[in-house]
Amino acid sequence: MKYYDRLIFELSKEGRTGYSLPRNPWKQSTNDIPAELQRTTDTGLPQVDELGVVRHYTNLSNMNFGVDTGFYPLGSCTMKYNPKINEEMAGLNGFKNLHPLQPAETAQGALELYYELNRSLATITGMAECTLNPFAGAHGELTGLMIMRQYHLLRGDLKRTKVIVPDSAHGTNPASAAVCGLDVVEVKSRPDGTIDIESLRSVLDDTIAGIMMTNPNTLGLFETRILEIAKMVHECGGLLYYDGANMNPLLGRCRPGDMGFDILHLNLHKTFSTPHGGGGPGAGAVGVAAHLTEYLPNPRVIRTADGRYEAVTGKDAIGQVSGFLGNYSVLQRAYTYILALGKEYIRYAGPLATLNANYIKEELKGDYKLPIDTLCKHEFVFDGLADTSTGVTTLDIAKRLLDYGYHAPTIYFPLLFHQSIMIEPTETESLETIDSFIAIMKKIAEEARTMPDELKTAPHNTPVRRLDETTAAKTPILTYTELKNQAE
Amino acid sequence: MNFSYFPHTEEDIQKMLERIGMKSLDDLYADIPQEVFFSDDKEYDLPSSYSEEEIRRRFAELESRNKNLTIFAGAGAYDHYAPSVIPYLLQRSEFITAYTPYQAEISQGTLRYIFEFQSMIASLTGMDCSNASMYDGATAAAEAVMMALASTRKKTRVLVSATMPEHVRKVIDTYAKYRGINITTVAHTEGVTSLEAVKAELAAGDVAGLLAPAINKYGIIEDFTGFADAMHEQKALFMVYADPSALAAIKTPGEWDADIACGDGQTLGIPMNFGGAYVGFLACKKEHVRKLPGRVVGATKDVDGKRAFVLTLQAREQHIRREKATSNICSNQSLMALYVTIYLALMGPKGLKEVNEMSYGGAHELYNRLIATGKFTPVFDKPFLKEFVLNTTLPVDKLQEALLKEGIFGALQTEEGYVSFCVTERRTPAEIDRLINVINTL
């Protein structure tokens with residue numbers, strides 16, 4: 001990676017353009033807009049030629065690391081390979097030019113894809129029906145919780161305003177609950193990150209709307225008492241919400257619907273191989289059990305008795321959570337992925353991801369502290385180095401990995417340990433890649449003893465080195481204008 | 001394993017299982033209760049694996065059941081020109097296969113384009129700063145409403161203009177219902193938000209803010225003279241929902257002294273693609289920056305003094321604040337933010353102005369020619385840019401059907417029974433002739 005220090009604004013020169021529009025054939029001009037409604041200030045946009053733009057963004061891309069660059073064991077993010085056929089199918093003109101409101105009879109193919117993907121996700125999760133409208137995992141959580149509230153509201157059960165969230169949950173769980181107007185009741189985890197059933201029992205009453213669970217949990221451990229938990233929550237009148245961030249290891253081997261979950265969300269950008277795109281667009285499909293389908297957000301895509309597809313709205317629906325049918329281009333990719341795997345190969349995605357994780361865990365547990373030494377699913381968590389005498393922290397290890405051409409694992413999450421290193425290899429990584437990663441992790445553990453300062457100042461080989469984050473937050477410089485003003 | 005996404009050979013699997021002391025892949029699931037284990041005798045209700053050729057055929061089949069129409073409709077999705085450079089650059093795998101730039105040292109590409117995106121959105125809207133993008137315009141508007149409540153003290157109600165685009169209003173209503181936000185619709189007079197109605201609501205003293213569109217659901221360019229002052233007098237926020245493309249031509253939220261601007265970036269050359277993926281934006285005056293939801297990128301330096309960029313102001317966010325966060329959003333619509341950043345870099349001030357010139361010229365041509373058919377009459381006598389509504393003497397379903405037969409999508413019916421049309425720079429004189437010809441046969 002090579003350091004490249006330009007911003008697009010710094011390539012600007014008066015008189016350059018990078019676009020190509022036809023000659024304007026019309027007589028009327030925006031000069032006719034009343035003067036008091038016209039823009040009088042500069043747009044502040046740069047003026048750059050086409051090659052200038054292409055080189056700039058190509059140079060920027062060279063400072064980035066993606067799954068195609070190298071191993072990306074970022075825990076809880078499921079950075080699996082993003083198949084290229086997905087991209088080809090997402091770029092087809094027969095979809096690209098469709099207006100979202102054009103009549104159903106002119107978009108039957110697009111609606112059929114939505115419907116078929118919906119059915120596929122329902123069978124994979126054991127739910128009755130999904131909505132593909134939510135834009136991301138957190139948006140799926142919010143949608144799912146709205147469905148939970150709607151269920152209670154329409155039953156006239158107005159007291160249920162609390163939702164149980166384990167302390168090991170992703171931060172989005174309590175945040176989504178708050179946006180949905182629910183109060184969070186936190187239950188403590190046992191030392192292994194699984195839910196403490198007794199402390200759960202003590203909070204169950206008629207004010208509980210439901211519980212949000214991640215299974216396997218954020219330590220990568222399966223909640224073995226899930227059936228008992230489901231029974232307890234249902235008996236108290238609550239619903240079970242499944243956070244699908246960790247669905248990948250269960251692909252082909254276990255369905256949340258069979259475990260008793262009523263609502264779930266899936267991250268199509270994790271489990272179903274759509275690219276993470278630098279942080280989006282993703283898709284947060286939400287599935288529900290049969291008794292909740294009427295609450296799914298508008299619009300819903302249905303198949304009519306005569307085999308046509310329609311987008312419909314329902315009177316008991318929670319409402320709309322998106323302008324149209326969600327991040328549709330992401331749905332095209334996820335559908336492609338499911339077709340490619342088919343029922344034969346999808347069964348192996350979960351087991352191979354789990355195999356990779358357990359193999360790394362076994363190989364490295366001597367060098368790194370493994371607080372819970374048991375069978376894991378797709379990911380597991382170390383609590384820093386086994387030898388704590390060197391003063392080398394998880395942050396140092398993460399930064400040193402960058403020097404060796406790896407993306408770092410998720411660090412300092414979950415919060416249950418002080419030096420969490422959360423490793424998720426996914427099923428698309430080969431034994432050779434994993435063995436090389438293990439070798440480097442061992443080397444870093446060794447370096448912590450022999451040359452700790454090298455680690456504490458890592459990375460050394462990246463385009464930029466450790467950043468001053470404190471000043472960035474204290475005096476935020478958020479635009480080019482502010483950057484220029486600061487320089488002056 | 002004979003499948004192209006799985007590198008494991010049978011030998012690899014055996015070797016790895018041995019290393020962890022297991023005999024079969026099923027042993028990896030020994031912790032799953034037998035009742036819910038999806039054993040080999042169970043099967044998903046899915047088709048068998050498709051080869052690439054079969055996938056292409058399947059999509060060709062689906063495509064054949066979609067119809068590419070000539071788009072004379074807007075209502076939240078607009079058929080603008082997309083420069084060929086953009087999809088090409090978006091496929092750079094270093095961009096598309098990366099995730100959120102947590103490791104700033106190897107994510108300067110993503111961080112820099114987000115910084116550029118924030119800068120462009122801020123200058124286009126006339127605001128001080130912007131976040132790293134939102135899911136879409138509708139959710140950005142919903143977040144703006146929540147932000148207004150968080151930024152003002154002891155205020156409980158948010159005003160939303162009756163002229164807001166319908167799909168945006170629906171999403172706001174959903175968020176408001178569950179969050180417990182009190183929304184009041186303020187009426188319009190003659191198709192534009194009524195300042196009198198706003199002032200009447202403000203008198204109650206409980207209003208946190210007003211959200212109104214720069215270009216409203218009737219296509220009218222609103223005149224916000226006096227709005228910001230009225231809001232600020234009551235210590236309430238003025239929020240403008242804006243089409244960022246149009247802001248090259250019309251007065252900006254900043255010029256109207258708005259506190260928050262939000263909207264959808266789809267108009268910046270993003271293909272309609274049946275409704276997504278698009279990108280929302282949320283920009284504000286600097287004093288509200290710590291209430292902004294979502295990711296924000298800031299400039300800083302590394303230990304060697306090199307200019308660098310980093311995710312910042314994270315104390316607002318869910319992974320630190322959990323249920324007290326400003327929002328539950330933990331991502332952005334990054335790749336689509338890159339899309340519009342490249343679009344704006346290519347178009348520059350002149351290109352974006354030209355897009356508006358052509359859309360305006362075409363829309364006014366169509367407007368005049370529709371009136372000239374004698375089958376349409378004006379609803380409001382107000383300035384518009386590329387979208388407008390009319391009354392028609394024709395039965396709307398017949399009209400739409402006749403247009404569809406000629407491959408034209410237009411004459412959308414609004415809630416009030418008007419018909420709406422939209423013209424972008426992609427529409428040609430020949431296409432307008434064709435549309436008028438259809439109408440002349442009715």
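Any read-out appearing in this document is the output of simple, stated calculations on the displayed coordinates, not a laboratory observation. All figures in this text were calculated on a predicted structure; none of them were measured in a lab. Glycine also receives a Cβ, built like all others from the backbone with ideal geometry; neighbour counts cover every protein chain displayed.
So what is the relative contact order for chain A, in percent, with contacts set as C-alpha pairs under 8 Å and at least six apart? Walk me through the intermediate numbers first.
Values: 861 pairs, mean separation 90.0, N = 488.
Worked out over chain A, it gives 18 percent.
Which three lengths, in whole Å and largest first, does the stretch A:256-313 cover when its Cα atoms are put on their principal axes?
Computed over the stretch A:256-313, the largest-to-smallest principal extents equal 40, 29, 18 Å.
Quote to one decimal, in nm, the extra length available between A:THR161 and A:GLN28 on full extension: 0.36 nm per residue of separation minus the C-alpha distance between them. Before the final figure, lay out the partial values.
On the way: separation 133, 0.36 × 133 = 47.88 nm, distance 5.70 nm.
Contour length minus the Cα-Cα distance gives 42.2 nm.
About the Cα centre of the protein assembly as shown, how large is the charge dipole given +1 on each Lys and Arg Cβ and -1 on each Asp and Glu Cβ? Please answer in debye to the nearest 20. Intermediate results must be reported in sequence, preceding the final value.
On the way: 92 positive and 115 negative charges, 288 e Å.
Roughly 1380 debye for the protein assembly as shown.
Compute a Gaussian network model of chain B, connecting alpha carbons closer than 10 Å, and tell me which residue from B:ALA345, B:ALA148, B:ALA73 fluctuates the most.
Largest GNM mean-square fluctuation: B:ALA345.
Place a point 7 Å from the Cα of A:ILE438 along the Cα-to-Cβ direction; which residues of the stretch A:374-400 have their backbone N under 17 Å from it?
A:374-382
Helix by helix, which DSSP H runs in chain A go 30 Å or more along their axis at the Cα atoms and have an average Kyte-Doolittle hydropathy of -1.0 or more?
On the way: long enough: A:328-364 (41 Å, -0.02).
Passing helices, by number: A:328-364.
So if we plug the beta-carbon distance of B:SER84 and B:ARG434 into 1/(1 + (r/R0)^6) with R0 = 30 Å, what FRET efficiency do we get, rounded to 0.05?
Values: r = 26 Å, r/R0 = 0.87.
It comes to 0.70.
Between A:GLU10 and B:ALA402, what is the spin-label point distance in nm, taking each point 7 Å from the Cα along the Cα→C-beta axis?
Simple spin-label model gives 6.0 nm for this pair.
Gain in length, A:ASP316 to A:HIS291, computed as 0.36 nm per residue apart minus the alpha-carbon separation, to one decimal in nm?
Between A:ASP316 and A:HIS291, full extension yields an extra 7.8 nm.
Projected onto the charge dipole of the protein assembly as shown (+1 at Lys/Arg Cβ, -1 at Asp/Glu Cβ, origin at the Cα centre), which of A:ALA110, A:TYR337, A:THR354 gives the Cα projection farthest towards the positive end?
Result: A:ALA110.
To two decimal places, what compactness ratio does chain A give when its Cα radius of gyration is scaled by 2.2 N^0.38 Å? Numbers along the way, then the final one.
Numbers: Rg = 25.2 Å, N = 488, 2.2 N^0.38 = 23.1 Å.
In units of the 2.2 N^0.38 Å rule of thumb, it is 1.09.
In degrees from 0 to 90, rounded to the nearest 10, what is the angle of the helix B:108-125 Cα long axis to the longest principal axis of chain B?
10
Taking every eigenvalue of the Cα gyration tensor of the stretch A:8-61, multiplying by 5 and rooting it, what semi-axes result, largest first, whole Å?
Working: eigenvalues 173, 52, 14 Å².
Over the Cα atoms of the stretch A:8-61, the ellipsoid semi-axes are 29, 16, 8 Å.
How much of the calculated P(r) for chain B lies past 36 Å, in percent of all Cα pairs? Before the final figure, lay out the partial values.
On the way: 38696 of 97461 pairs.
Cα-Cα pairs of chain B separated by over 36 Å account for 40 percent.
Quick one: grab the alpha carbon gyration tensor of the protein assembly as shown, order the square roots of its eigenvalues as a ≥ b ≥ c, and give me rounded if a/c is under 1.5, else prolate or oblate depending on whether a/b is larger than b/c. Walk me through the numbers before you get to the answer.
On the way: a/c = 1.59, a/b = 1.42, b/c = 1.12.
Here the protein assembly as shown falls in the prolate category.
Residue farthest toward the positive end of the dipole of chain B, with Cβ of Lys/Arg at +1 and Asp/Glu at -1: which of B:CYS330, B:CYS129, B:ALA204?
B:ALA204
Going by C-beta contacts inside 10 Å, put B:VAL303, A:VAL53 in order with the fewest on the left. Working shown, then result.
Working: B:VAL303 12, A:VAL53 26.
Listed from fewest to most nearby Cβ atoms, that is B:VAL303, A:VAL53.
Rounding to the nearest 20 debye, state how big the charge dipole of the stretch B:85-342 is about its Cα centre with +1 on each Lys and Arg Cβ and -1 on each Asp and Glu Cβ. Please report the intermediate quantities before stating the final value.
Values: 26 positive and 26 negative charges, 182 e Å.
The calculated dipole for the stretch B:85-342 is roughly 880 debye.
If Lys and Arg each add +1 and Asp and Glu each add -1, what is the summed charge of the other residues whose beta carbon sits under 10 Å from the beta carbon of A:GLU105? If you can, show how the numbers build up before the last one.
On the way: positive: A:ARG308, B:ARG65, B:LYS67; negative: A:GLU310.
Residues close to A:GLU105 contribute a combined charge of +2.
Using only Cα atoms, what is the ratio of the radius of gyration of the stretch B:85-342 to 2.2 N^0.38 Å?
Normalised Cα radius of gyration, the stretch B:85-342: 1.00.
For the stretch A:40-180, what ratio Rg/Rh do Cα atoms give with a Kirkwood hydrodynamic radius?
Numbers: Rg = 21.7 Å, Rh = 20.4 Å.
Reported Rg/Rh (Cα atoms, Kirkwood Rh): 1.06.
Could you list, bin by bin from short to long, the percent of Cα-Cα pairs of the stretch A:85-340 in 10 Å steps?
The calculated distribution, bin by bin, is 7, 32, 35, 18, 6, 1.
Tell me, how many Å apart are the Cα centres for the stretch B:250-311 and for the stretch B:1-50?
Spelled out, the Cα-based centre of one part sits 44 Å from the other.
Could you let me know the centre-to-centre spacing of the stretch B:222-246 and the stretch B:147-182, using Cα atoms, in angstrom?
Each part reduced to its Cα centre gives a spacing of 15 Å.
Can you give the local net charge around B:LYS199? Use residues other than it whose beta-carbon is closer than 15 angstrom to its beta-carbon, Lys and Arg +1, Asp and Glu -1.
Details: positive: B:ARG157, B:LYS235; negative: B:GLU196, B:GLU201, B:ASP206, B:ASP229, B:GLU233.
Charge balance in the 15 Å sphere: -3.
How high is the relative contact order of the stretch A:58-176, in percent, with contacts defined as C-alpha pairs under 8 Å that are six or more residues apart? Can you show the working numbers first?
Values: 38 pairs, mean separation 15.3, N = 119.
Computed value for the stretch A:58-176: 13 percent relative contact order.
At a Förster radius of 30 Å, what calculated FRET efficiency corresponds to the Cβ-Cβ distance of B:ALA315 and B:ASP257, to the nearest 0.05?
After rounding to 0.05, the efficiency reads 0.60.
How far apart, in nanometres, would the label points at A:GLU344 and B:GLU35 be if each is projected 7 angstrom from Cα along the Cα-to-Cβ direction?
The modelled label-to-label distance comes out at 3.5 nm.
Under 5 Å between amide H atoms, partner at least 5 residues away or on a different chain: which partners does B:ILE329 have, H built in plane at 1.01 Å?
Amide H to amide H, under 5 Å and 5 or more residues apart or across chains, B:ILE329 pairs with B:GLY294.
Go from 0 up to the bin containing the longest alpha carbon distance in the stretch B:199-287, width 10 Å each, and give me the % of pairs per bin.
16, 44, 28, 10, 1
So if I place +1 on the C-beta of Lys and Arg and -1 on the C-beta of Asp and Glu, and nothing else carries charge, what would the dipole magnitude of chain A be about its Cα centre? I want it in debye, nearest 20. The partial results should precede the final answer.
On the way: 46 positive and 58 negative charges, 133 e Å.
Using Cβ point charges on Lys, Arg, Asp and Glu, chain A gives about 640 debye.
From the residues A:THR471, A:ASN485, A:HIS407, which one has its Cα farthest along the dipole of the stretch A:377-488 in the positive direction, the dipole being from +1 and -1 charges on Cβ of Lys/Arg and Asp/Glu about the Cα centre?
Farthest towards the positive pole: A:ASN485.
Compute the acute angle (0 to 90°) between the alpha-carbon long axis of helix B:52-64 and the principal axis of greatest extent of the alpha-carbon atoms of chain B; round to the nearest 10°.
Taking Cα atoms only, the helix is inclined about 20 degrees.
Considering chain B as a Gaussian network with a 10 Å cut-off on Cα pairs, which listed residue, B:GLY21, B:GLY191, B:GLY109, attains the greatest mean-square fluctuation?
Largest GNM mean-square fluctuation: B:GLY21.
By how many degrees, 0 to 90 and rounded to 10, does the Cα axis of helix B:429-440 deviate from the longest principal axis of chain B?
Roughly 70 degrees between the two axes.
Applying 1/(1 + (r/R0)^6) with R0 = 25 Å to the Cβ-Cβ distance of B:ASN391 and B:GLU166, what FRET efficiency is obtained, to the nearest 0.05? Intermediate results must be reported in sequence, preceding the final value.
On the way: r = 18 Å, r/R0 = 0.74.
After rounding, the FRET efficiency stands at 0.85.
Counting other Cβ atoms within 10 Å, keep those with at most 14, restrict to DSSP loop, and tell me which trypsin sites (Lys or Arg not before Pro) in the stretch A:296-332 are left.
Numbers: sites: A:ARG300, A:ARG303, A:ARG308, A:LYS315; in loops: A:ARG308, A:LYS315.
For trypsin sites (Lys or Arg not before Pro) across the stretch A:296-332 that sit outside H, G, I, E and B with at most 14 neighbouring Cβ atoms in 10 Å, the list reads A:ARG308, A:LYS315.
Straight distance only, please: which lysines reach the Cα of A:LYS377 with their own Cα at less than 23 Å, same-chain residues fewer than 8 apart left out?
Within reach: A:LYS80, A:LYS188, A:LYS270, A:LYS343, A:LYS361, A:LYS365, A:LYS369, A:LYS442, B:LYS15, B:LYS23, B:LYS42.
Rank B:LEU399, B:LEU46, B:LEU344 by mean-square fluctuation in a GNM of chain B with C-alpha springs under 10 angstrom and give only the top-ranked residue.
Fluctuation is largest for B:LEU46.
Per residue of the protein assembly as shown, what 222 nm ellipticity follows from adding -39500 (n - 2.57) for every DSSP H run with n ≥ 4, rounded to the nearest 500?
Working: 28 runs with 334 residues, N = 930.
Here the helix-only value at 222 nm equals -11000 deg cm²/dmol.
If each of B:MET1 and B:GLN14 carries a label point 7 Å out from its Cα toward its Cβ, how far apart are those two points in nm?
Spacing of the two 7 Å Cα→Cβ label points: 1.8 nm.
Among B:THR225, A:THR471, A:THR450, which comes first, second and so on when ranked by fewest other beta-carbon atoms within 10 Å?
On the way: B:THR225 12, A:THR471 16, A:THR450 9.
Neighbour counts put them in this order, fewest first: A:THR450, B:THR225, A:THR471.
Within 14 Å, Cβ to Cβ, of B:GLN318, how many net charges do the neighbouring residues add up to if Lys/Arg are +1 and Asp/Glu are -1? Can you show the working numbers first?
Numbers: positive: B:ARG295, B:ARG316, B:ARG321, B:ARG322, B:LYS324; negative: A:GLU141, A:ASP243, B:GLU143, B:GLU317, B:GLU323.
Net of charged neighbours comes to 0.
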